[in-house]
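Encoded as structure tokens, the structure appears first; notes follow it.
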Amino acid sequence: EEVELTAGGIARAVNPADAAAYVKALGHARLHESDKALFAIRDGLASIIPASVLPLLTWEELERYVCGQKEIDLELLKANTEYDDDVSPNDEHVVRLWRVLESFDHDERSAFLRFVWARSRLPASSAFNQKFKLQSAVGEGPKNSPDTFLPKAHTCFFSLNLPRYSTDAIMANQLRYAIYNCIEMDADFRLADNEMTGWADEADYEE
């Protein structure tokens, strides 16, 4: 896109007498060429944090308020956890979950949060608008043979169906497999080939 630095400038050549004015106009144009995008970013930030407050924050504080806390504070997550009627915070598999998460490093905790909530950081506030919910595994299989089944997350509801794994090692292994291999949000996935019945092109069936 061509931008005129002065009225009719597209038809004028720069001569030595105009050089200083040309450099000044060029610098002004380059400094303001991204104004539209920057104003949109500012308006987005102002929708989260009042614009009048922005000059008072350091970039680290702004990042924390907008993006949430970088470190996954398990005590904070635990304080914002709810349990279904058939699940107790004192249940062996629930205690095991927190113990296993304690053993995870930062990247693994972040991946766990993304698995259950589709976000990799905790909110900046200590009181979450949406609580983490721990629920029992659904179905006879996970209930009868929990060690052979993966946990199931519902990102829209920030909830986790957690089988009653028998050891820390099994829970850690199943969680790691889930958080690194099941990374799609609810309803945001590609059907497996065996689920595509009826969707194939007619040409696929031609001999």
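Summary of computed values
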read-out: For the chain, size of Cβ-based charge dipole, Lys and Arg +1, Asp and Glu -1, in debye; value: 1100
read-out: The chain, relative contact order in percent, only Cα pairs under 8 angstrom and at least six apart counted; value: 17
read-out: Rounded Å value of the spacing that divides the Cα centres of region 1-70 and region 140-185; value: 48
read-out: For the chain, calculated [θ]222 nm from helices alone, where every DSSP H run of n ≥ 4 adds -39500 (n - 2.57); value: -12000 deg cm²/dmol
read-out: Correct option for P(r) over Cα pairs in 5 Å bins from 0, in percent [calculated from the coordinates] among (1) 1, 8, 16, 20, 21, 16, 11, 5, 1, 0; (2) 1, 6, 10, 13, 12, 9, 8, 7, 7, 6, 5, 5, 4, 3, 2, 1, 0, 0; (3) 1, 7, 14, 16, 17, 15, 11, 8, 6, 3, 1, 1, 0; value: (2)
read-out: Given charges at Cβ of Lys, Arg, Asp, Glu: the chain dipole, positive-most of Ala21, Ala37, Ala127; value: Ala21
read-out: Gaussian network model of the chain, springs between alpha carbon atoms under 10 Å - residue of Glu102, Glu60, Glu71 with greatest fluctuation; value: Glu60
read-out: Choice from Ile170, Ile48, Ile179 with maximal GNM fluctuation in the chain (Cα, 10 Å cutoff); value: Ile48
read-out: Accessible carbon and sulfur surface of the chain relative to its total accessible area, %, 1.4 Å; value: 54
read-out: Those lysines that a straight Cα-Cα span of less than 29 Å connects to Lys78, excepting residues fewer than 8 apart in one chain; value: Lys70, Lys131, Lys133, Lys143, Lys152
read-out: Among Asn15, Asn161, Asn181: highest mean-square fluctuation, GNM of the chain, C-alpha pairs under 10 Å; value: Asn15
read-out: Residues of the chain: accessible area per residue with a 1.4 Å probe, Å²; value: 68
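The values are calculated or read from the model by the stated rules, or taken from the named source; none is laboratory data. This one's a predicted model, so the numbers in the text were calculated from it and none came from an experiment. Neighbour counts run over all protein chains shown; Cβ positions are idealised from the backbone, glycine included. These area figures cover heavy atoms from the full protein model, side chains too; ligands, DNA and RNA do not enter into them. Shrake-Rupley method; radii C 1.70, N 1.55, O 1.52, S 1.80 Å.
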